[in-house]
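The values are calculated or read from the model by the stated rules, or taken from the named source; none is laboratory data. Remember, predicted model here, so these are calculated numbers, not experimental data. Counting neighbours? That spans all protein chains shown, and the Cβs are built from the backbone with ideal geometry, glycine included. Surface areas here come from the heavy atoms of the whole protein model, side chains and all, with no ligands, DNA or RNA. Shrake-Rupley method; radii C 1.70, N 1.55, O 1.52, S 1.80 Å.
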Amino acid sequence: MLRLALAAALMFAPAETPVPLHAGGRATADGRFGWPGVYFEGRFQGTSVTVSVEADTDHLAILIDGVERAVLKKPGRVDRRFDGLADGEHVIRIEKLTETQSGSSRIVGVTTDGTPLAPPVYVRKVEFIGDSHSVGYGDTASTRSCSAEEVHDTTNTARAFGPLLAKKWDADYRVIAFSGRGVVRNYAGGNPGETLPVLYPRAIPGEPAPAATDGWKPQLIVINLGTNDFSTPVHSGEAWTDAAALHADYRTKYVAFVRQLQAANPNARFLLMGAPAFIADVRAVAAATGATPLAVPQLAFTACNFHPSLKDQQQMADLVEAAAGTLK
């Protein structure tokens, strides 16, 4: 578990003390983060708290004791102070809502004029690996027609199926997902060679440097990949001669990816999600690896660019919960 104090990087008011933070998700030693759904959480006793962040394009929600107090939208460098809290113990949480495919944001630190406490500790841990459906791409939109800016601004990973379920389980979670990426083929054949398994080891999705080893060992890993592999026909110049070759390559490479993850997480259970168009392939991968397949029915797709809506996200959360059972 990565814990961030970051005291040396800050210029605090004399009466303020750094609050140690738990990083939910991948963050670098200097507090940078880029994967969706990253959150930071700390505890303190007192009546005020200051959150310091740097975020050029991201939207960051700030919650105190589970209640959203602010959403910082593309704030740049900001120090946001919250006063007038009841004199007692509080939990401060910063959640990354939007997707960052290039660049990163940074948690500079959290300070209080009260008493810092040890950050929350989670027994349950779950990881969600996927594409835009796991990111929550445009999930809060009320229309399918969205500009790129509207997609960005209506994406809320905290309301995607993974975080929804993890919070219900009171579990620490990570979302390692990137819109438009697949197992062997990205949407419409774009960005060849930069599929999700290639990006997976990175600390920041748009940078090649690998994530540091931090002892993260989830009990459950949920993978939802395949939509981008098969949603558009294979075209001339791609690596596959036809759809049959693509499906065969998908199964082979997906088995290898799951086995790689199993070797790194020998005690984890694996749940592989699949839509009707490729659930047969997912079942074959699950049979070869000992994972559990989960068929996802046709969703309404009424959010941005025919993506899962909040209702769809809740339906997927319910399906995963039923398939996974109790997370111990």
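At-a-glance table
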read-out	value
Selection from the stretch 167-177 of residues that are open to solvent by less than 10 Å² (accessible area, probe 1.4 Å) and under 11 Å from the mean Cα position of the chain (by Cα)	Tyr173, Val175, Ile176, Ala177
Counted residues, the stretch 249-289 - those being closer than 23 Å to Val234 by Cβ and in a helix (DSSP H, G or I)	16
Of all residues in the stretch 31-84 being surrounded by fewer than 18 Cβ atoms within 10 Å (Cβ to Cβ) and acidic (Asp, Glu), the one that is farthest from Pro205 (Cα to Cα)	Asp83
Residue within the stretch 121-140 that is more than 22 Å from Asp312 (Cβ to Cβ) and open to solvent by less than 10 Å² (accessible area, probe 1.4 Å) present	no
Residue match in the stretch 178-193 (condition: within 23 Å of Val71 (Cα to Cα) and modelled with pLDDT of 95 or more)	yes
Yes/no for Val222 being more than 22 Å from the chain's Cα centre (by Cα) and within 25 Å of Ala322 (Cα to Cα)	no
Some residue of the stretch 261-276 being modelled with pLDDT of 95 or more, farther than 28 Å from Asp172 by Cα, out of contact with any strand residue (DSSP E or B) (no Cβ under 9 Å at 6 or more places or on another chain) and surrounded by fewer than 16 Cβ atoms within 10 Å (Cβ to Cβ)	no
The stretch 183-201 - residue that is under 20 Å from Asp242 (Cα atoms) and either hydrophobic (A, V, I, L, M, F, W, C) or in contact (Cβ under 8 Å) with a residue 60 or more places away in the chain (or both) and, of those, most open to solvent (accessible area, probe 1.4 Å)	Ala188
Neighbours by Cβ (under 8 Å, 6+ apart or cross-chain): first from the stretch 235-249, under 14 Å from Val183 (Cβ atoms); second part of a helix (DSSP H, G or I)	Ala239/Asp249; Trp240/Leu246; Trp240/Asp249; Leu246/Asp229; Leu246/Phe230; His247/Phe230; His247/Asp281
Filtered residues of the stretch 290-323 (kept if in a helix (DSSP H, G or I), open to solvent by 20 Å² or more (accessible area, probe 1.4 Å) and in contact with a strand residue (DSSP E or B) (Cβ under 7 Å, 6 or more places away or on another chain))	Leu319, Ala323
